[in-house]
1. Between residue 196 and residue 44, how high is the FRET efficiency from 1/(1 + (r/R0)^6) when r is the Cβ-Cβ distance and R₀ = 22 Å? Nearest 0.05.
2. Only Cα pairs within less than 10 Å get springs; with that Gaussian network setup on the chain, which residue of 177, 46, 227 has the largest fluctuation?
3. Modelling each spin label as a point 7 Å along the Cα-to-Cβ direction, I'd like the residue 145/residue 189 distance in nm, to one decimal.
4. Using a Gaussian network model on the chain with a 10 Å cutoff between Cα atoms, which of 129, 242, 83 fluctuates the most?
5. Which of 37, 131, 213 ends up with the largest GNM mean-square fluctuation for the chain, with Cα atoms connected below 10 Å?
6. R0 = 22 Å: FRET efficiency of residue 72 with residue 93, Cβ-based, nearest 0.05?
7. Restricting to DSSP H runs of at least four residues, report the calculated mean residue ellipticity at 222 nm for the chain, -39500 (n - 2.57) per run over all residues, nearest 500 deg cm²/dmol.
8. Over region 6-253, how many percent of alpha carbon pairs lie in each 10 Å bin up to the one with the longest distance?
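Derivation of every value follows stated rules applied to the coordinates shown; laboratory data play no part. Everything numeric in this text was worked out from a predicted model, so none of it was measured. Cβ sites come from the backbone with ideal geometry, for glycine too, and all protein chains shown count toward neighbours.
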Amino acid sequence: MPCKGNESMSFLETIRLKRQIQLASSGRLVDPLPSLATAILATRDRRPALIAEIKHRSPTISRFVGSDDRAIDRARAYWQGGATAISVVTEPLFFGGSLADIASIDAPLPILRKDFLDTTDDLTESKRAGASAVLLISAYLTDSQLPILCDFAQHIGLEVVLEVHGDNELDRALAIRSAIIGVNSRNLKTLKMEPETLLALYQRIPRERLAIAESGFTTMPDKLGDRKVDAVLVGSHLMNQADARTGVERFIQGSAG
């Protein structure tokens, strides 16, 4: 389904998009990958899906217990522990990541690429590296960029998670019907955790839309207010587990130990 909002694209923007799709299609993209949305739906009636994250550091934590682990090993442990999908932060300067982390992973799970993505080239390289989905940060993109990147992602077979942290950002995300919505508890402008914002926004998302709760979780939430949780993305807590497989198992079981 085309992204709502692409009616506002100018003729020149439409031409640019079509040419970029043509160029991307002329190169070899990887074979069809596991679907993030399908994986979330598969667990939705039993429990929230767990998207387990790999990152080497962050702006707030300079080193994790698992910082030196290879992405391939961490991903296998997450998979064996019962994770639904893998998130990989590829931003190099503040998170120490790279696309090579995604390319190395052989666990049979959907991979979500997290980075500050804002061009169609970013999406093409994500697909070629082996990502099933990309995270686009609403606050980082303009009103004209969002539908263009969304349409392009669909054409090359990438799912989109639109990350929001505010009512206006959520309104923009809800208008793009094909996107999964991610609500981040962390305010990316201040880096502070704001769980009350997560709670308020998550409850606004219609049940028919898939929604991911992000950041700050140490146990598996079942509901946020009166809204059942579809999926939770967990990074720092799991990266600080010496035994990644056991860490995932305990998280799913609801134990912070």
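1. That gives a FRET efficiency of 0.30.
2. 46
3. For residue 145 paired with residue 189, the spin-label model returns 1.6 nm.
4. 242
5. 37
6. On the way: r = 23 Å, r/R0 = 1.03.
E between residue 72 and residue 93, to the nearest 0.05, is 0.45.
7. So the calculated ellipticity at 222 nm is -11000 deg cm²/dmol.
8. Per 10 Å bin, starting at zero, the Cα-Cα P(r) for region 6-253 comes out as 7, 33, 38, 18, 3, 0 percent.
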